[in-house]
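Reviewing the structure listed below.
Laboratory data are not the source of any read-out in this text; all were calculated from the coordinates shown. Note that the structure is a prediction, hence the values are computed from the model and not measured. With ideal geometry, Cβ positions are generated from the backbone for all residues, glycine too; neighbour counts draw on all protein chains shown.
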Amino acid sequence: MRSSVREQPTIVCRCMDKTQEDLIKSLQMAIRMFGPEALEFENYRRLATATTGFCQGRGCLSLVQRVFASEMKKMGIEFDMDEIQFRVRSPLQPVPLGLFARRSLEEV
Amino acid sequence: MRVAIIGAGVIGVGIGRELSGRGVEVEVLEAAYPESGASGRSIGVSSVQQKDPRLARLAMEGIGISREIDRVLKEEFNMPTGVMGEQVPHASIALSEQDRARLSRYFEYWRAAGAEAREMSPREVKEELMPWIDEGSFVSAFVTFSDFKLMYFPLVSSGIMMIRSRGGVVRRKSRVVGFDATGSRVRAALLEGGRRVEADAYVVAAGARSAELAAALGDAVPPIRVAQAGALVTEPYKYQFRPVVTVDSKGYRFTQTLRKEFVASVYDMGYDNEGFSVDESLRVLERLATVTVKLFPSFSYMNVLRQWGAYLDYALDGLPIVGWSQKYENLYYAYGFGNYGFSVGPAAARRAAREIADGGRDPELEPLRPGRGRRGAAHISGPLASRAMVLAAKLFRLRAPLRPDVLVPKLRDFRLEREDAETGQVLVEEIRGLEYSSGFLSATVLKDRPLVFRRRDDLVKTVRTIEVPFHLRLEGGEQLLLVLAKKGLANEVASDLSRIMYGSPKMIVEARLSHEKFRRYFEGSMEDARVIYFDQVDLPNVGVLALYGESLRDSALYHEYLEHGKIWYVVVTLPSRGGLTVGVTRNAIIAAFGRATAQDLVDFAFGELAGLLEEPGAGDGE
C-alpha cells in the first residue's frame with residue numbers, strides 16, 4: 001500500500017527547512033559537543049540553525065523550544081525553561097536599511 | 001594541575017582548550033551560557049588590522065593556530081566545516097585625508113606583522129573588489145589579504161568539545177560571586193547557590209565583567225571601559241560579496257556571511273551608556289544604516305531582520321590585559337579584548353596557557369600585564385585620545401604660586417586608590433600623559449566611578465573611568481588652570497588637583513572675568529555675536545535679559561540692557577581665531593562650537609581670556 005501522511009516529515013522551522021527529526025539529531029550532536037552541563041538553547045539554535053532564518057523565530061520559536069525541552073527531558077537532563085533567554089528582537093518586521101539612513105555621516 | 005576558568009567566551013574557552021592540550025584538568029565556569037557575551041554577538045571576522053603593532057603580530061600568529069584547530073577538527077573530530085571559513089580581502093576605508101593619515105600608520109603595523117597589504121584607490125577598490133561601492137564616498141582604502149571570515153560559532157563550541165574530550169568540563173549557569181582568599185592565594189571561587197570550586201589556579205576571562213571580579217578580590221587592575229556595540233543581520237541576498245569592509249572612524253564593519261546574509265556591526269558607540277534603551281538601539285541602527293547606504297547606495301533596500309547589542313571591554317590603552325595578578329600568585333587575568341577577541345584571542349590564549357601550565361614569562365605578553373602603566377607617564381594616544389577631547393572647559397586660578405620643579409614630579413607620580421564604601425570596588429584616580437615644556441603643563445586625570453546598571457535580570461557592578469584633560473600655565477603671567485570638561489566635572493577635578501597640589505581643596509578657585517574688560521573685548525567683535533545674556537538685572541521681576549537674532553543688530557537695545565545688567569554669557573564667532581565660535585560666561589566657562597579642537601580652546605583660554613581676568617583679590621561687587 002501507499003504511504004500515508006504520517007510518513008511525511010514534520011517541518012518545525014520553515015525558513016531553515018528543519019524537520020522535527022533534524023532538530024532531534026542536532027540536539028544529540030549539540031549534547032555531544034557542549035555536554036549536558038553547558039548546553040543552553042541559544043547554543044543549540046545556532047548549531048541547529050533553527051530560528052535563524054527569515055522569521056528569526058517569530059513563527060517557530062515556541063515550537064523549537066518545545067522540541068528542545070522535551071528531548072532534554074527524555075535524555076534525563078535537568079533544564080529549567082526559565083533559563084532560555086532567547087527572545088524575538090527588533091525590528092519586529094523586516095525593514096529596509098534605507099529607512100534608517102541619515103543624510104550625512106556627521107549625524108550618526 | 002587543576003585550573004578553574006571564569007568565562008566561557010572565546011578567551012576563556014581558548015585558554016581552556018590550550019590548557020587541556022597540556023594535560024591540565026580544566027573546569028570552565030560560565031555565569032549564563034557559553035558565548036553569551038561579546039563572543040556570541042560578533043560578526044565573525046579574524047583580522048590582522050589591529051591598531052597596535054603587538055596586536056597585529058598576535059593576530060598573524062593566530063592564523064596559524066586557527067589553521068591547526070581547523071585541521072584537528074576535520075581530521076580527528078569529524079567536523080567537516082572546521083573553523084576557518086573563507087580567506088578574504090579586508091578593506092579599511094578612509095573617508096577623509098585625516099582618516100587616511102591615521103590608517104596609514106596602522107597599515108605599517110599590519111605590513112610589519114607580515115600581512116600582505118596594499119593601499120588601493122577608490123577606483124581600484126570598485127574594479128577589483130566590490131562593484132557596488134560608491135567610489136565618491138571615500139578617499140582611499142587599505143586592504144589586507146590574510147584575514148578570514150570565521151565559521152564563528154564553531155570556534156567556541158569546538159573548543160568546548162576539545163576540552164571535554166580531554167576530561168575537562170564547561171558549566172553554564174555557574175556564576176562566580178566571590179572568592180575565598182587568604183594571604184596571597186585564592187583558595188576557592190564561590191558560586192551563586194553556595195558551591196565552592198577549588199583549583200590550583202584561577203583564570204578570570206569574563207570580558208566586561210572581569211573588573212567586577214577583580215574588585216571582589218580587592219585587586220587593582222587596569223581600568224576598563226565598557227563600550228556599547230551592536231550589530232544587525234539582513235535577509236540572505238544572492239550577491240558574491242566576499243570582502244570585509246571596515247570604517248574605523250565610525251567603528252563600523254560590514255560583510256556577507258557564508259550563509260549569504262549581510263551583517264554589519266558597530267564596535268564602539270561610546271562609553272557612557274548605562275545599559276541599552278530603545279533610543280540607543282535606534283542610534284546603533286541609524287549608524288549602521290547610514291554608513292552602509294553611504295558606501296553602498298544600492299544596498300538601501302536590504303531588509304534588516306534582526307538587531308542585537310553587546311558590551312565590549314576595552315582597556316584605556318586599547319591593549320588587552322593578560323597575565324598573573326600582582327596581588328594573588330595563583331590568579332591570572334585575560335580580558336579587555338574589545339572587538340578583537342577572535343583575532344588576537346587564539347595566540348594570546350596559547351601563550352597564556354603556556355605561562356599558566358609551565359610557568360615562566362612570555363616576553364611577547366609583557367606589554368599586556370595587569371600591572372602595566374600604573375605609574376608614570378603612560379601616554380594615551382590613538383582614537384581614545386581624540387575621544388577624550390571635550391569641547392567645554394573652565395578656567396581657574398591658583399591662589400598661591402607653585403614652582404614647576406616642585407609641582408611636576410608631584411603630579412607625574414600621582415596615583416590614589418580607595419575603596420568605594422557602597423560597592424566595595426577599588427577606585428583609582430591617577431594622572432597620565434604628563435608633558436611639561438616652557439611654562440605649560442598638560443596631562444589627563446583618570447578617575448574611576450562606580451557604575452551599576454541592569455543587564456537582563458542582573459545588576460552589573462563595574463567601574464567607569466572618566467578622562468579629563470587639563471592644562472596649567474605656570475609661567476608667563478598669573479598661574480592658571482584650564483580643565484577640559486563641563487562645569488560640574490571641571491569643578492570636581494579642580495578641587496581634586498588642588499588637594500593634590502596644595503593638600504587643600506580650596507586653593508584653586510574659579511577665575512572671574514572683569515566685567516569691564518569682558519565688555520570691551522566682545523564689543524570689538526559685536527558684528528559676530530550670536531547671543532548675549534545679561535544678569536544682575538535691576539529691573540523688577542526680570543532675571544535675565546537676552547539678545548539674539550535680529551535684536552542683536554539693535555545697538556540701542558544693547559546699550560539699554562547694559563545699563564540695567566551685566567554681561568553674563570556671550571556666544572561669538574572670532575574671525576581673529578580662524579572663525580572659532582565660542583560661548584563664554586563671566587565665571588570663565590568656555591564652550592566651543594562647530595569644528596573647534598581642544599587645542600583651539602586652550603589657545604583661546606590662555607591667549608585671550610587670561611587677559612580679561614579680574615585683578616587677583618579684586619572683585620566687582622559680586
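Where a ≥ b ≥ c are the square roots of the eigenvalues of the C-alpha gyration tensor, would you call region B:147-227 rounded, which needs a/c under 1.5, or, failing that, prolate if a/b is larger than b/c, or oblate? It is oblate, given that a/c is not under 1.5 and a/b is not larger than b/c. Computed extension gain for residue B:615 through residue B:454, at 0.36 nm per residue and net of the alpha carbon distance, reaches 52.9 nm. Note on residue A:7 and residue A:28: the extension gain reaches 5.4 nm, defined as 0.36 nm multiplied by sequence separation minus the Cα-Cα distance. Could you tell me the distance between the Cα centroids of region B:87-144 and region A:41-108, to the nearest Å? Spelled out, the Cα-based centre of one part sits 35 Å from the other.
Looking at the square roots a ≥ b ≥ c of the eigenvalues of the Cα gyration tensor of region B:383-510, which shape do they give, rounded for a/c under 1.5, prolate if a/b is larger than b/c, or oblate?
Working: a/c = 2.18, a/b = 1.88, b/c = 1.16.
Cα axes put region B:383-510 in the prolate bin.
Summary value for region B:383-510: 30 percent relative contact order, contacts being C-alpha pairs under 8 angstrom separated by 6+ residues. What FRET efficiency would be calculated for the residue pair residue B:260, residue B:128, taking the C-beta separation as r and a Förster radius of 25 Å, to the nearest 0.05? Calculated value: 0.70.
What does the C-alpha gyration tensor say about the overall shape of chain A? Classify as rounded when a/c is under 1.5, otherwise prolate if a/b is larger than b/c, or oblate. Judged from the Cα gyration tensor, chain A comes out oblate (a/c at least 1.5, b/c at or above a/b). Binning the alpha carbon pair distances of region B:1-93 at 5 angstrom intervals from zero yields the distribution 3, 11, 15, 21, 23, 17, 7, 2, 1, 0, expressed in whole percent.
Taken one residue at a time, the phi angles of region B:427-432 give Karplus couplings (6.51, -1.76, 1.60, θ = phi - 60°) of 9, 10, 10, 8, 10, 10 Hz. Gly and Pro are set to x. Potential lengthening of the chain between residue B:165 and residue B:413 amounts to 84.3 nm, from the contour at 0.36 nm per residue minus the alpha-carbon distance.
Note on chain A: dipole from Cβ charges, positive end direction compared against A:69, A:99, A:41; the farthest Cα belongs to A:99.
If R0 equals 45 Å, the separation of the Cβ atoms of residue B:564 and residue B:104 corresponds to a calculated FRET efficiency of about 0.20. Taking amide hydrogens as placed 1.01 Å from N in the peptide plane, the amide H of residue B:414 sits under 5 Å from those of B:431, each at least 5 positions away in sequence or on another chain. Spacing of the modelled spin labels on residue B:526 and residue B:361, each 7 Å from Cα toward Cβ, amounts to 6.9 nm. State which entries of B:394/B:566; B:487/B:566; B:173/B:260; B:447/B:517 exceed 25 angstrom in Cα-Cα distance in the structure shown. Violating the 25 Å Cα-Cα cut-off are B:173/B:260; B:447/B:517. Cross-link partners of residue B:506 among aspartates and glutamates, defined as those whose alpha carbon lies under 12 angstrom from its own and excluding same-chain residues fewer than eight positions apart: B:492, B:496.
Dipole size in debye (nearest 20) for the protein assembly as shown around its Cα centre, Lys and Arg Cβ +1, Asp and Glu Cβ -1? Let's see the in-between values first.
Working: 97 positive and 95 negative charges, 402 e Å.
It comes to approximately 1920 debye.
Shown in residue order for region B:154-169 are the 3J(HN,Hα) couplings computed by the Karplus curve 6.51 cos²θ - 1.76 cosθ + 1.60 at θ = phi - 60°: x, 4, 7, 5, 6, x, 5, 4, 5, 4, 5, 5, 9, x, x, 9 Hz (x for Gly and Pro).
Label positions at residue A:37 and residue B:516, each projected 7 Å from the Cα along the C-beta direction, are separated by 8.1 nm. Taking every C-alpha pair closer than 8 Å and separated by at least 6 residues, the mean separation divided by the residue count of chain A gives a relative contact order of 24 percent.
Placing +1 at every Lys and Arg Cβ and -1 at every Asp and Glu Cβ, with all other atoms neutral, what dipole size does region B:426-481 have around its Cα centre, in debye to the nearest 20? Walk me through the numbers before you get to the answer.
Values: 9 positive and 9 negative charges, 92 e Å.
That gives region B:426-481 a dipole magnitude of about 440 debye.
In this structure, the amide hydrogen of residue A:12, modeled 1.01 Å from its nitrogen in the peptide plane, lies closer than 5 angstrom to those of A:18, A:19, A:20, counting only residues at least 5 positions away or on a different chain. What is the Cα centroid distance between region B:415-464 and region B:1-73, reported in whole angstrom? Between the Cα centres of region B:415-464 and region B:1-73 lies a distance of 29 Å.
Can you give the relative contact order of region B:515-612 as a percent, counting alpha carbon pairs under 8 Å and 6+ residues apart?
Values: 138 pairs, mean separation 24.0, N = 98.
Once divided by the residue count of region B:515-612, the mean separation gives 25 percent.
Just to verify a number: FRET efficiency for residue B:556 and residue B:403, C-beta to C-beta distance, R0 = 56 Å, to 0.05? With a Förster radius of 56 Å, E is 0.60. Rounded to the nearest 20, the size of the Cβ-charge dipole of chain B about its Cα centre is 1660 debye, with Lys and Arg at +1 and Asp and Glu at -1.
Estimated purely from DSSP H runs of n ≥ 4, each contributing -39500 (n - 2.57), the mean residue ellipticity at 222 nm for the protein assembly as shown is -9000 deg cm²/dmol once divided by its residues. In whole Hz and in residue order, list the ³J(HN,Hα) couplings for region B:333-339 that follow from phi through the Karplus curve 6.51 cos²θ - 1.76 cosθ + 1.60, θ = phi - 60°; x for Gly and Pro. Result, ordered by residue: 10, 8, 7, x, 8, x, 9 Hz. Between amide H atoms placed 1.01 Å from N, distances below 5 Å from residue B:247 occur with B:93, B:252, B:253, all of them 5 or more places distant or on a separate chain.
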